Each structure stands twice: as C-alpha cells, then as structure tokens.
Amino acid sequence: MEVGRSIPRVDAADKVTGRAKYTDDLCPRPVLEAKILHSTIANGWVKSMDISAAQALPGVVKVLTCFDVPDIQYPTPGHPWSVEKAHQDVSDRKLLNRRVRIYGDDIAAVVAEDEITARRALELIRVEYEEYPVVLEPEQAMAEGAPVLHEEHPDNILARMDLRTPMPESDFHSVEDVLDCPAYYQFRGRYDTQQVQHCHIENPISYAWMEGGRIVVVTSTQIPHIVRRVIGQAMGIGWGSIRVIKPYIGGGFGNKQEVLYEPLNAWLTTQVGGRCVRLDVSREETFQNTRSRHPISFDVAAAVDGDMRLMARSCTAVSNQGGYASHGHSIVANAVTGFRQLYLDQIGHHSTAYTVYTNRPAPGAMRGYGIPQCNFAVECMMDDIAREKGWDPKAFRLANLMPLGYVDPFNGITCHSTGLAECIEKGAYFIGWAELREKYQNQSGPVRRGVGMACFSYKTGVYPISLETASARMVLNQDGSMQLCMGATEIGQGADTVFSQMAAQAIGIPTEDVHIVSFQDTDTAPFDTGAYASRQTYVTGKATEKCALELRGKICALGAKLLGCDKTQVSFDGTEVRVEEGENAGKTISLSDIATASMNGNSIELQATVTHSSEISPPPYMVGAAEIEVDTETGEVTLLDYAAAVDCGTPINPNLTRVQAEGGIAQGIGMTLTESVTYDDRGYPMENSLFQYKIPARVDIGKIRVEFENSYEGEGPFGAKSIGEVVINTPLPAISDAIRNAVGKRFYELPITPEKIAMAAMEQK
C-alpha cells in the first residue's frame, strides 16, 4: 500500500540541502533589471510624466509609462476562463495605470543594466497628478457623491447578490417574518474581519525573454497555464506565442493564484528587443501591490426555538474590494455560501452580499477564500446564542448540523459524507471540554483561562463557480520505472508527494519508482488550472489515478501480447505480468522486460494522458478547540493548547496531512491575535513589512494537536477529500470564544490585540 503511508516528501532532500532551484536561482546573469514607479496618491489621474532625466541616466535601457502600454484592460484572477461572457472575470486593470485607484499604483517602469541604476532612475521621474478624495471603507464608497473609481460601476459596487431559500408551506411568508416572530429567541450581531497578508517566504518574482518570436516567462506562480492566458489577454496576442515555466515556489497561499507582474514583465522584454528582463518586487511592494485577504463585515440575525434548533438566519456581508476587481465578488459569495452550509435552517435562510470598490490595495485569493471571515461570524454567533441562552455551545452545534444528503438549493452541492459530529466529540474529548468549562467558571484575579470551540466545513475545488480541468501524463521508462508529468503545481504543500503515491498505488509499484516532474512548462505539461481551492488532491489526484490505471491496462495488454495470450487472461502485481488461465498459464514476463520490449517494434504505446473534471465538491470538516490564558492587566493571550479533529476523507500521506493542518492553524492564530494591515487617510499602509506586521512565531503557537476522523469519499481518489483550506477556519472563532470565556467579553472585530483586551478589562473594573 502506497496510499496511507507517511513517506518522506519526494522533494525533501533537495529543499533541505539547498539543491532545489527557485526562480531567482535559475535567472541568467547578467540580466536587465526592471523596477516599478508607484503613485504617491491613492485616487486620481496621472496628468503628465517627465522621464527625460531618468532616460538620460547611464545604464538605463528604457523608461516606459502608463502612456505607452497597450490600451487593454485585462483580468488577473487565477480562475478557469469561462466561455460564457457573463461568468468571465472583470477586466479593470492595465499593465501600467494612468487612472490611479490605490496608493502605490503601478504607473511607470524602468529597465536598466543593474538594479541600483533602475532605482536611481525611478527617483528622477517627475509626475503631475489630478487628485481626488480618498475612500477607504465601503460605507464611504457607497455614499452619495463619493468619487467613482470605475466608470462601469458609478455606485462603486462591483457586484451584489441576494439569495433566499424557498419558503416551506407555513405561517411565514419570508425569512424576515421568522426573524421577527416573538415565539423564537431573536439574535442580532455584527462581526468584522480585517485585511491580512499572505507572508509567503518568496516574494513574487519573474524573468522573461524572447526566443523564436515567442515570449518565455519563468515565474513563481501557482497557476502557470492561467498566467499564459492572461499574458496573452493583457498584450492582445495569441496565447500560443507565450511559454510559462514554473520552478519550485517558495509559498503562495493564494497570492500567487493571481496573475501579478508576469504580464508587465512579458511586455517589457518586447520593448527591449527580447533581452532577458528580471522583475523582482520587495516585501513592501508585496504588501501594497500584490494581494491580501478581504476585510468583510457581517450583519447577522437568527431565530432559535426552545429545542436549540435554528429556525431561520440572515446574513448581510460587505466586502472591501480595494481599487481593482481581482477575484471580485466570488470571495464574498463564497463566504455567504459557507455561512449557510454548516448548519441547517429549519424554515429558511436569506443571504445578501456586496463587493465594493475602495482606494485600498486590492485583496484577492487567500487560503480559505472568504471562509475564515465567514466562519468567524457564524461560529461566534453560535457561541453567543448558546451562552445567552445558557446552553452548552457544543450541544447547540450538534443539534443543528447539516444532515447527510443535504442538497444546497442554490448550487446543488450535496453532502455525500460527513464526520463532523464525530469530529466535534473527538475535539471536545482531546481538549477536555466539559472539565475545562466547569473549571473556568467564576474566575477572579488578573490571570484567567478560557476554552472555546469552533467547527466548519469547506468544499473541495470551486465547482459550481466554474468547472475545473486537471490532467496527468505517465510514461513507462525502459527500466520499468515511471515518469509522472503534471500540470498541477507543487507550492510547498506536498502535492508532488501525494501525486506520486496515488500513481504508484494505482499502478502497483513502489512510490520510489515514480519520478515526478516538479517544474511545470506550459509547452509540455498537460493542462491544469493550478494550485488553489483545495482542489489538487481531489481533482488532479483523480486524474492521476485514472491515468495510472489506463497505463496499467496498457502494460497488461503488451505483456499479454508478448506472452501470446489475450489481455483478459493476465494479471499484474507491479513487478510482472502473469498468465492466469489458458494454455500459457503460469508464464510471466517482468515489467522491465515489458518496458524494454516496448521500445522495439511495439504498436502499444506505454504512456497515458488523462483529463478529469469534477462536478462534485465534497466538504471536508474540522473542529478546533482552544485553551488560552489571558493576563487582563497586559492583555497578553497565551495559547496553551489547540486540539483539532479533521475529516478530510482518507489521508493520502498522514504526516503531510498533519503538517498541512498545523500550518493552517498557525495562520489562523495569527489572524486572530496579531495580524492586520491598516491605512492612514491617504491610503498609505501602516504595516508594510515584517518589521511592523506580526506573524506568529513558534513561541506564539503553543501546543497543537491534530487527530483525523477518517471517512471515505467515494468520488475522491482512494477516498480522499481535501485538507489545505478547511484547517485555517476554526482558530478565529475558537480562540475568540476562549477569550470571551476567560474575560467575559466578546470582541467583535479582529485581531484581538493585547491593547483591546487590556482596555476592556479596565472598563470592567
């Protein structure tokens, strides 16, 4: 058995020894260096630009401005491209922008012989602006008379949606009727989440040159095939004239599920005669000019009967989209979808969502894709209701879980398998839920402890938002080993390892005999949309399984031919093909002999390429329980213990699955307690580097324990679902609930900093 084994990562040795090659390791030297000029206003127009002094600087090859780029607006998100125009991503950005919509907008670029010269040239460019008032919050942007950021959206609302479940035959005509009914307990609340950064190790970087009339781009990206398409769209050229190569990548978390500076880099090389141009951005530019997590506010309401049943809920979510659409409305749409899919509303549900342009830097995809924001709201609401009613929050959740077989009325997603109830019980057991709740009642003194719980489900992949495609190619080598070529991308999560294990399991050979090609090249790699939305194990893994089974069938066919029998008469155990019946019963031929023979006058090609697309999005589940200690005088929170129970179907590699869970929990801890990007009145970021932006260190994380509640997902490869994104969702409400349990106050806005806690403690005195 290869699936289910905790084998070391196939790339581990190269990465820990430094042999692994990332984008900058491969860049030829010398190389032309490109640097970007960013606007010093957040809203307005570039009226004119004087580049003469910069162009005259020795070593400067070319200065290009927003007046020089193609007059083409293009989309940037890493979504599959829909053939339906109504479902296509919003095109609202140019390679360089004359219409400035964020502080630090890209308005010009310098290409020079070296980096220092390029930076000096930027300082010599003189810009004249027409400046408009700055709006940083959705309420400001939607107000009458607010400056319009995009003419196509005069109210600054990129998109809105309103979803109501069909009302059953009852005395109620609408969800609002239920929410106003005096027979039920009525709850109202508001929860706000903040803008946070991905903080991947490797900043976005690319280099590009021309070869044979084509543009070649080497880039640190999660989505090489989509990057190729967007470059073509941005430049108005055929997609086949572009080649994109993705080496090892130093993390992404969704930021590199966006097409960032690759189109600009591709265009720059065409402006300097096809010479190689390197475009590397700083950590400060990564903060301001790439993407982040959406700040979303949630106004929620619920009606609950005396038996702890949710009768109806409503949710109004407003997403701050910043200056450009990026992933646009799909983020907040996913959030309100998640809001309704964890618990069952007995009568009805109403969700409203807005995505609003402002002058903040544009958020995009980030691990969880709107769900950490949503889960903070829905789970804090569940805890608030339970505590106000005197119910055990655990029992309240168990009473309302979405049942097996539930079909979402809006998108048709069906709950095919669930281990959520088991996860709740397991998480409660490991944290000592009942004992700690009893122990931490009626505390006094400055140092107090608390315990909190949260759960959530997440879908696997992005269906039905779009229909994804994944492909795999396997080739039998002459010695009987296999080459596995994927369009999907390894971004540090261990994808290459689990793909290798699944291929080996399906073929029947050891994983060590599967050699995966880690670098993706759009000229040679089969098509795959990339690494995002927890899709690769489930969607691409299924393509891998099908591909391996097809190749196994071809091996049996050639083995049977060489043994002089029909393929229905043979078996294959991973090392040899054996005749099981007929006059040649008992005869065998080794896999290596079959491989050798396949290279000599053979008409059966021992390779396979398979494409898979899934219309099923089975949800994984997770429960997290946190024990914390709070010093009310300093406001410092110490995370003592975090126990998590996860249902991700069958873990393909348990150790890798556990590490994924621990990493996601750590990110959730940071978002809960320390991480936030704030802006001054100009739209300038107050936190634009890791000096000001506090991500959790190892000492901040405490003890994390992860246990798996294995279920079997029949539609997944070897029973697997997904793991990558569900694991970030529970720390926000679980830790928040634990803090409330300790200090007696709910904090409705993230992050929950020591300052907020200390001030609240002073107010209580």
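Looking only at segment 147-156, count how many residues are closer than 20 Å to A353 by Cβ and hydrophobic (A, V, I, L, M, F, W, C). Quick ask: steps written out before the conclusion?
Our first condition is that a residue be closer than 20 Å to A353 by Cβ; within segment 147-156, this holds for 149-150, 152-156.
Checking the rest, the ones that are also hydrophobic (A, V, I, L, M, F, W, C) come to 149.
Looking only at that region, the number is 1.
Tell me whether segment 272-288 contains one or more residues that are under 15 Å from the mean Cα position of the chain (by Cα) and under 22 Å from L64 (Cα atoms).
Going through segment 272-288, the residues under 15 Å from the mean Cα position of the chain (by Cα) turn out to be none.
Taking every residue of segment 272-288 in turn, none turns out to be under 15 Å from the mean Cα position of the chain (by Cα) and under 22 Å from L64 (Cα atoms).
Would you check if T575 is under 17 Å from Q483 (Cβ atoms) and either surrounded by fewer than 17 Cβ atoms within 10 Å (Cβ to Cβ) or free of Cβ contacts under 8 Å to residues at least 12 places away in the same chain (or both)? If you could, list the steps in order and put the result at the bottom.
Details: under 17 Å from Q483 (Cβ atoms): no; either surrounded by fewer than 17 Cβ atoms within 10 Å (Cβ to Cβ) or free of Cβ contacts under 8 Å to residues at least 12 places away in the same chain (or both): yes.
So T575 fails the test.
In segment 591-614, how many residues are at pLDDT 90 or above, polar (S, T, N, Q) and under 20 Å from D566 (Cβ atoms)?
Qualifying residue count for the region: 0.
Report yes if some residue within segment 162-176 is within 27 Å of G328 (Cα to Cα), hydrophobic (A, V, I, L, M, F, W, C), under 30 Å from the mean Cα position of the chain (by Cα) and modelled with pLDDT under 95; otherwise report no.
Yes, there is a match, as at least one residue in segment 162-176 is within 27 Å of G328 (Cα to Cα), hydrophobic (A, V, I, L, M, F, W, C), under 30 Å from the mean Cα position of the chain (by Cα) and modelled with pLDDT under 95.
Specify which of the listed residues (V630, V659) is part of a strand (DSSP E or B) and either surrounded by fewer than 23 Cβ atoms within 10 Å (Cβ to Cβ) or not small (G, A, S) (or both).
Working: V659 fails: part of a strand (DSSP E or B).
Going through V630, V659 in turn, the sole match is V630.
Here is a check on your reading of the model: is I107 more than 22 Å from A365 (Cα to Cα), of a type in the set (A, V, I, L, M), under 32 Å from the mean Cα position of the chain (by Cα) and surrounded by fewer than 17 Cβ atoms within 10 Å (Cβ to Cβ)? First the steps, then the outcome.
Details: more than 22 Å from A365 (Cα to Cα): yes; of a type in the set (A, V, I, L, M): yes; under 32 Å from the mean Cα position of the chain (by Cα): yes; surrounded by fewer than 17 Cβ atoms within 10 Å (Cβ to Cβ): no.
Spelling it out, it is not the case that I107 is more than 22 Å from A365 (Cα to Cα), of a type in the set (A, V, I, L, M), under 32 Å from the mean Cα position of the chain (by Cα) and surrounded by fewer than 17 Cβ atoms within 10 Å (Cβ to Cβ).
Could you please let me know if R291 is among the basic types (K, R), over 30 Å from I201 (Cα atoms), crowded, with 21+ Cβ neighbours inside 10 Å and touching a residue at least 60 places away in the same chain (Cβ under 8 Å)? If you could, list the steps in order and put the result at the bottom.
Working: among the basic types (K, R): yes; over 30 Å from I201 (Cα atoms): no; crowded, with 21+ Cβ neighbours inside 10 Å: yes; touching a residue at least 60 places away in the same chain (Cβ under 8 Å): yes.
Criteria not met by R291.
Which ones in segment 248-270 are out of contact with any His (no Cβ under 9 Å at 6 or more places or on another chain) and crowded, with 17+ Cβ neighbours inside 10 Å? So that I can check it myself, show each step before the final result.
We begin by selecting, within segment 248-270, every residue out of contact with any His (no Cβ under 9 Å at 6 or more places or on another chain); these are 248, 259-270.
Once the filter is applied, which keeps residues that are out of contact with any His (no Cβ under 9 Å at 6 or more places or on another chain) and crowded, with 17+ Cβ neighbours inside 10 Å, segment 248-270 yields Y248, V259, L260, Y261, E262, P263, L264, N265, A266, W267, L268, T269.
For the subset of segment 662-686 comprising residues that are part of a loop (DSSP other than H, G, I, E, B) and among the polar types (S, T, N, Q), which member is surrounded by the fewest Cβ atoms within 10 Å (Cβ to Cβ)?
As a first pass, look at segment 662-686 and keep what is part of a loop (DSSP other than H, G, I, E, B): 674-678, 680-684, 686.
Adding the requirement that they be among the polar types (S, T, N, Q) leaves 674, 676, 678.
On the way: T674: 20, S676: 20, T678: 11.
Looking at residues that are part of a loop (DSSP other than H, G, I, E, B) and among the polar types (S, T, N, Q), I get T678.
Which one of these is part of a strand (DSSP E or B) and crowded, with 16+ Cβ neighbours inside 10 Å: I226, I231, I245, I237? Explain how you work it out, then say what you get.
Numbers: I226 fails: part of a strand (DSSP E or B); I231 fails: part of a strand (DSSP E or B); I237 fails: part of a strand (DSSP E or B).
Only one candidate qualifies: I245.
For the structure I just gave you, tell me whether V90 is at pLDDT 95 or above, in a loop (DSSP other than H, G, I, E, B) and β-branched (V, I, T). Let's see the steps before the verdict.
Details: at pLDDT 95 or above: yes; in a loop (DSSP other than H, G, I, E, B): yes; β-branched (V, I, T): yes.
It is true that V90 is at pLDDT 95 or above, in a loop (DSSP other than H, G, I, E, B) and β-branched (V, I, T).
Conditions: (1) farther than 30 Å from A506 by Cα; (2) over 27 Å from the mean Cα position of the chain (by Cα); (3) not in a strand (DSSP E or B); (4) not basic (K, R). E2 meets all but one. Number of the miss?
So the condition that E2 fails would be (1).
Would you mind finding the one in I231, I245 that is in contact with an Asp or Glu (Cβ under 7 Å, 6 or more places away or on another chain), within 21 Å of P30 (Cβ to Cβ) and either among the hydrophobic types (A, V, I, L, M, F, W, C) or without any contact (Cβ under 8 Å) to a residue 60 or more places away in the chain (or both)? Walk me through how you get there before you give the answer.
On the way: I231 fails: within 21 Å of P30 (Cβ to Cβ).
Sole residue among the options that is in contact with an Asp or Glu (Cβ under 7 Å, 6 or more places away or on another chain), within 21 Å of P30 (Cβ to Cβ) and either among the hydrophobic types (A, V, I, L, M, F, W, C) or without any contact (Cβ under 8 Å) to a residue 60 or more places away in the chain (or both): I245.
The values are calculated or read from the model by the stated rules, or taken from the named source; none is laboratory data. The structure presented is a predicted model; accordingly, all values stated were derived computationally and were not measured. As a convention, Cβ positions derive from the backbone with ideal geometry for all residues, glycine included, and neighbour counts pool all protein chains shown.
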